Structure formats: C-alpha cells, structure tokens
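Beneath this line is the structure, given in structure tokens, with notes to follow.
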Amino acid sequence: MSSGIKPPRIALLKGGTSSERDVSLTSGKFVAEALRNAGYDVEEIDVKKPEVLPAMKKADAVFPVLHGGFGENGDIQKALEDAGISYVGCDSKSCRIAIDKIASKKLMVETGVPTADFAILTRDRKALPPNLKVPVVVKPPTEGSTVGISIVFNEKDLDKAFDTAFKYSANEILVEQYIKGTEVTVGVLGGEPLPLVEIRYPGETYDYDAKYTHQQGETLYFCPPDSVPSDVQEKAQEAALKFFNAIKARDLLRVDMIIRKTDNAIFVLEANNIPGFTDSSLFPKAAKASGLSFVELCAKLAKMALSRKK
Ligand SMILES: Nc1ncnc2c1ncn2[C@@H]1O[C@H](COP(=O)(O)OP(=O)(O)O)[C@@H](O)[C@H]1O
Ligand SMILES: [Mg+2]
C-alpha cells in the first residue's frame, strides 16, 4: 500500500523562443525523466512567454530548463518571484548580470574576479583604446553561442568587427584582450565548485560548430582536465566561486574561463545561469566526476527550490 504521501510536484519549463530552443527541449526532456526517476511528479511545460501559468502555481516548485532569451535573462524569474513561486536557479537580479557581458565584466573588476582587460565602446568610437592591442575579441553584450563575436588579429579588420557586434547591440559593445590558452568551464553547485571540464576544439573559439555541428572537427572534453596542473585547477575553482558570490548566484552557475598558455593565469569570460542539461552536457559531466549521478543532481536542484517554498 502506498503511504498516501503525494510526491512533490515540479513544473518543468522547457523550449522558450530563443535560438537555443532546441537545446532546451532536449535538456528539458532529460531533466524531466531524471526527476521522475527520483520520484517527483513532473509536468513539462513548453513555454512561449515569460508568464506564470496555472500549472506553475499548482506546482511545489518550478524548474526552468530554458537557455537564452527570457528564460535566462531574468524575465521568467521575475514573473515567478512576483507570483511567490519557488524555482530552481539564480534570482532575476543575478540573471540580469550573468546574461550581460558588460555588467559581468564591471562586477568582476569590482570584486577581484580575474578577467581579461577590456573596453566598452559606443557607436562613435572607431579605434582601440590605449589599454588594448590586437589580437582582441569584439562582442555584443547580450548574445550567446558566439553570435556577433569576432577575433581581430589585424587592426584593419577592427571596423568590420565593430559593425558586426553593433548589429546586435544598440549602444555599447565589449572589446576584450584575446587570451591564448586552454578553455575550461567550472560549475558551481549550491556554493560548491565542481571539477573543471577542459574543452579542446579545432578552431579559434568554442563556437556553435564546436558545440553542436562539428563540421570543422570534433571537440574533446576532459573531466578531470588533461592539461591543467592541480594548483591551477584550485585557482580556477576559487575564481568560479568568487564570481558565483559576486553576482549573488543561487543553486547553480557555470563559469567559463581561459587559462593562459604562457603562465597559467586565469581569465573568467562569462557565466551561464542555466547551462545545458542533457546527460552529456558539461555541468552534469562535472557533477558526475564529483560523484553525483544525473538523477541525483536534478533531485538536489529540485530540493534546493523546494526548501525555499513558503
Ligand atoms: N578574451 C578571449 N580570449 C580568447 N578567446 C575568447 C575570448 N572571449 C571569448 N573567446 C572565445 O569565444 C567563445 C565565446 O565567447 P563568450 O564570451 O563565452 O560568448 P558566448 O556568449 O557567445 O558564449 C569563448 O568560449 C571562447 O572560445
Ligand atoms: Mg560562452
């Protein structure tokens, strides 16, 4: 006979309308299945707008598995907060910083998170400021998946790169010193850093092709990392935790960084508050290396939100 205690109900949000919709549908399916395996009563909702639906109100907690757009920029989080609903992940204020590369860089400087030298350029600026020299990386502040990003090796190509970035941003773009080195990502789960994942891709950047389509060749992932000494791994984890605390993140954050080839110095690039969540995604890979299965990881995140239920 059953105990008569109903399992907690989780409303799982997936889809969304950003360019990462398909990834979110896949992530969402994996998380839903894991939560059911952990004994939760899961309702999957394909969301089209940042609004609270009756099924979200009826749930004990909401688990947004939305990448990009309103799912990651704080809009859906704000709607849930206004409705008094507990949910997994960063609150709307932290999301707004994490999604904005310029806001993130400013906060990194204020809080001593190591990051590459940079400048913020407005439309009337056509030259590099004195603190930067080519090669530089030119980025719009709020896109993802390398959209609008150029690496510029030669000054004559700067204008074109600025124009490209300004296609995605009305007022300001970010120009950053290019760092040659090893790309790694560090997950932070409930305030504890996870093991590093080293990412080795065939081209110049970890772009859409390196992540998903692999026309240029395979991307290799190492967890634990293959070419990062253990003291440097610890420093990378410290940097990730420092940024997690700086943006007042909650539950989970994946912090991307580059470890410079010449001296192993660490440079934080950006953070993702709802990283990929298929069972082969990087955050789950790191959790697994720390001894947490995909089912255990999803259940742990659900419990974090449930513990905040009023
Ligand atoms: N300063 C930099 N030095 C070297 N490579 C960089 C730098 N900034 C970005 N990249 C490369 O470009 C990729 C995308 O940049 P990122 O800032 O993470 O934006 P996105 O939101 O598109 O992921 C990174 O994963 C990295 O491979
Ligand atoms: Mg990135």
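Looking only at residues in region 1-17 that are of a type in the set (A, V, I, L, M, F, W, C) and open to solvent by less than 40 Å² (accessible area, probe 1.4 Å), the one that is farthest from Ala305 (Cα to Cα) is Leu13.
I'm trying to understand the selection: among the residues of region 96-132, which are over 19 Å from Asn171 (Cα atoms) and touching a residue at least 40 places away in the same chain (Cβ under 8 Å)? Once the filter is applied, which keeps residues that are over 19 Å from Asn171 (Cα atoms) and touching a residue at least 40 places away in the same chain (Cβ under 8 Å), region 96-132 yields Leu107, Met108, Glu110, Thr111, Gly112, Val113, Pro114, Thr115, Ala116, Asp117, Leu132. Exactly one residue out of Ile151, Ile120, Ile173 is hydrophobic (A, V, I, L, M, F, W, C) and within 15 Å of ligand 2 (Cβ to nearest atom), and it is Ile151.
Thr122 meets all of the listed conditions (1) more than 22 Å from Asn245 (Cα to Cα); (2) in contact with a Gly (Cβ under 9 Å, 6 or more places away or on another chain); (3) of a type in the set (Ser, Thr, Tyr) but one, namely (2). Considered as a group, the residues in region 18-48 that are modelled with pLDDT under 95 and outside any helix (DSSP H, G or I) include one that is surrounded by the fewest Cβ atoms within 10 Å (Cβ to Cβ), and that residue is Ser19. Tell me, please, whether a residue that is open to solvent by 40 Å² or more (accessible area, probe 1.4 Å) and farther than 24 Å from Lys242 by Cα can be found in region 174-190. Looking through region 174-190, none of the residues is open to solvent by 40 Å² or more (accessible area, probe 1.4 Å) and farther than 24 Å from Lys242 by Cα.
On inspection, Arg254 does not qualify as more than 16 Å from ligand 2 (Cβ to nearest atom) and in contact with a strand residue (DSSP E or B) (Cβ under 6 Å, 6 or more places away or on another chain).
More than 14 Å from ligand 2 (Cβ to nearest atom) and under 15 Å from Lys105 (Cα atoms) - does that describe any residue in region 270-290?
Applying the first criterion (more than 14 Å from ligand 2 (Cβ to nearest atom)) to region 270-290 yields 277-280, 284-290.
Right, trim to under 15 Å from Lys105 (Cα atoms) and you get none.
Within region 270-290, none of the residues are more than 14 Å from ligand 2 (Cβ to nearest atom) and under 15 Å from Lys105 (Cα atoms).
Taken together, the residues in region 63-91 that are within 16 Å of Lys48 (Cβ to Cβ), part of a helix (DSSP H, G or I) and touching a Ser or Thr at 6+ places or on another chain (Cβ under 6 Å) amount to 1. Tell me, please, whether a residue that is within 16 Å of ligand 2 (Cβ to nearest atom) and in a strand (DSSP E or B) can be found in region 201-208. No, the conditions are met nowhere in region 201-208.
Pull up region 171-186, narrow it to residues that are of a type in the set (S, T, N, Q) and in a strand (DSSP E or B), then point me to the one that is farthest from ligand 1 (Cβ to nearest atom). Show your work before the answer.
Filtering region 171-186 for residues of a type in the set (S, T, N, Q) gives 171, 177, 182, 185.
If we keep only those that are in a strand (DSSP E or B) as well, we get 177, 182, 185.
On the way: Gln177: 6, Thr182: 11, Thr185: 9 Å.
By that ranking, first place goes to Thr182.
The values are calculated or read from the model by the stated rules, or taken from the named source; none is laboratory data. Since we're looking at a predicted model, the values are computed, not measured. When we count neighbours, we look across all protein chains shown, and the Cβ atoms used for this are built from the backbone with ideal geometry, even at glycine. Accessible surface areas use protein heavy atoms only, side chains included; no ligands, DNA or RNA. Shrake-Rupley method; radii C 1.70, N 1.55, O 1.52, S 1.80 Å.
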